[in-house]
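Notes for the one structure printed next.
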Amino acid sequence: MLDKDVTQLSEPYPPTTPVDGPPLLRLAGPLGLDLGKSVQLGDEIFEDLDVATYGIGWWKTYPALDSQTRILLSDYLLACARAIPDNLVEARIELLELDHAVEDYRNWMKRGVNGNSRNTVEPPQSPYEELSNRRVRAHLAGALRAWGSALDCVSGCIIGVTGIPADLVKADMHKAQESLRKHSPGNQLLEQLQTSLEETETDAGPTGWREWLLGMRHTVVHRGRRTVTWSGNLGAKEVVDFDLRLPIAPDRTEVDAIILSGGVIAATFEAPAADML
C-alpha cells in the first residue's frame, strides 16, 4: 500500500466502535465500502436454517429436494451470501496494492524521461523494481476476480432466495436473470425483485458496466492475458506521468481489438484505470 493509505488505515478505531460486532462492518467505513446489506443477507439466510427439517426450512416444500441435497445446497447458499462482502473487501485490498504497484512502475519509467524527443526505458535497478509491472497485472487480476466472484455469489443468492429452478452451484448473473425473467410474470414478488435488480444495476454505473467487468474477469482468469497498456501524459516539453489504461472490448482478442479500434491506444479507455476501477 502507499504510505498515505497505510497512515489512514493505521488510525485507531473510534472508541464507539463495537468490539464484538462483525469485523467486516468495522472495516467497511475505513475502506469506503457499504457492506451492511450484504452482511444482513447472510445473517437472515442463516436464521432460515432449520434444525428439525435440516437446511433452509421452507425448501422442504420442494419435493425434488431430498434431505441431503437440501442440506448441501443450504450450506452453499449461506456461503454465497457470506462471500459477497468478503469479495468486496478483497477487491478493495487489491486496489490499494494496485495503486502502490502503479506508483512504483511510474517511478521506474520516469527515470528514462529527460525531456528530449527520444526517451528510453532504463534497466531495472532491482528485482523489486522489475516486479512493479507484474505486480500491476497481479493486483488488477485480483480485483477483477473478486468483483466477478461477488457478482456470481449474488447470482447464487437470487436463485436460492427465490427458489427459481436454476443451477445454484454454477450460477452466474446472466443465467440467474434469465431464469428470473422466465418465472417472474404473474408473481408479484419476483417481478419486484427483477425490477429492483435492473434499477440497481442501472444506478451502479454506466451502461454495460457489468458485461465489461465480467468480460475482464473472464479474460484474466480463463483466457490469454491482454497486454497491460500505459499512456504517457505530456507536459510542456516532457512526459510527466504514466497512466494504466484498460481495454474497451475485453471479449475480443488483443489483435482483433486493436485492428477494429484503429490502434493500441484507441482500443483502451481514455480514463485512467484508477478512476475507472
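Within a 10 angstrom radius of the beta carbon, how do MET173, MET1 rank from fewest other beta carbons to most?
Details: MET173 18, MET1 15.
Lowest to highest Cβ neighbour count: MET1, MET173.
Name the residue, out of ARG135, ARG92, ARG223, whose mean-square fluctuation peaks in a Gaussian network model built on the chain with Cα pairs under 10 Å.
In the Gaussian network model the winner is ARG223.
Given the peptides 248-260, 190-202, arrange them by the average over their residues of other C-beta atoms within 10 Å, most packed first. Don't skip to the answer; put the middle values down first.
Values: 248-260: 15.0, 190-202: 13.3.
Sorting 248-260, 190-202 by mean packing, highest first, produces 248-260, 190-202.
Show that you can apply the helix-only estimate: for the chain, add -39,500 (n - 2.57) for every DSSP H stretch of four or more residues, divide by all residues, and state [θ] at 222 nm to the nearest 500.
Numbers: 11 runs with 162 residues, N = 277.
After summing the helix terms and dividing by residue count, I get -19000 deg cm²/dmol.
Rank-order 75-83, 62-70 by packing density, defined as the average count of other C-beta atoms within 10 Å over each peptide's residues, highest first.
On the way: 75-83: 20.0, 62-70: 11.7.
Ranking the peptides 75-83, 62-70 by packing returns 75-83, 62-70.
In nm, what is the difference between 0.36 nm times the number of residues separating LEU72 and ARG106 and their Cα-Cα distance? Could you put the intermediate results ahead of the total?
On the way: separation 34, 0.36 × 34 = 12.24 nm, distance 4.87 nm.
Roughly 7.4 nm would be gained on extension.
I'd like to compare 123-134, 23-34: which one has the highest average count of other Cβ atoms within 10 Å, and what's the full order after that?
Numbers: 123-134: 12.8, 23-34: 14.4.
Ranking, from highest mean packing down: 23-34, 123-134.
Have a look at ALA267, ALA204, ALA138 and tell me which one the Gaussian network model of the chain (Cα, springs below 10 Å) gives the largest fluctuation.
So, out of ALA267, ALA204, ALA138, the one fluctuating most is ALA204.
Using only alpha carbon positions, build the gyration tensor of region 1-69, then give the equivalent ellipsoid semi-axes as the square roots of 5 times its eigenvalues, largest first, whole angstrom.
Working: eigenvalues 319, 34, 15 Å².
That gives 40, 13, 9 Å for the three semi-axes.
Treat every Asp and Glu Cβ in region 146-277 as -1 and every Lys and Arg Cβ as +1, leave all other atoms uncharged, and give the resulting dipole magnitude about the Cα centre to the nearest 20 debye. Numbers along the way, then the final one.
Numbers: 12 positive and 18 negative charges, 89 e Å.
The calculated dipole for region 146-277 is roughly 420 debye.
If you average the C-alpha positions of region 80-104 and of region 164-195 separately, how far apart do those two centres end up, in angstrom?
Between the Cα centre of region 80-104 and that of region 164-195, the gap is 29 Å.
Pull out a ≥ b ≥ c, the square roots of the eigenvalues of the alpha-carbon gyration tensor of region 177-277, then state rounded if a/c is under 1.5, prolate if not and a/b is larger than b/c, and oblate in the remaining case. Present the calculation step by step, with values, prior to reporting the outcome.
Details: a/c = 3.63, a/b = 2.18, b/c = 1.67.
It is prolate, given that a/c is not under 1.5 and a/b is the larger ratio.
Build a GNM of the chain with springs between Cα atoms under 10 Å: which of HIS218, HIS174, HIS100 gets the top mean-square fluctuation?
Of HIS218, HIS174, HIS100, the Gaussian network model singles out HIS174 as fluctuating most.
FYI, it's all coordinate maths here, none of it is from the lab. Predicted model only: the values in this text are computed from it and were never measured. When we count neighbours, we look across all protein chains shown, and the Cβ atoms used for this are built from the backbone with ideal geometry, even at glycine.
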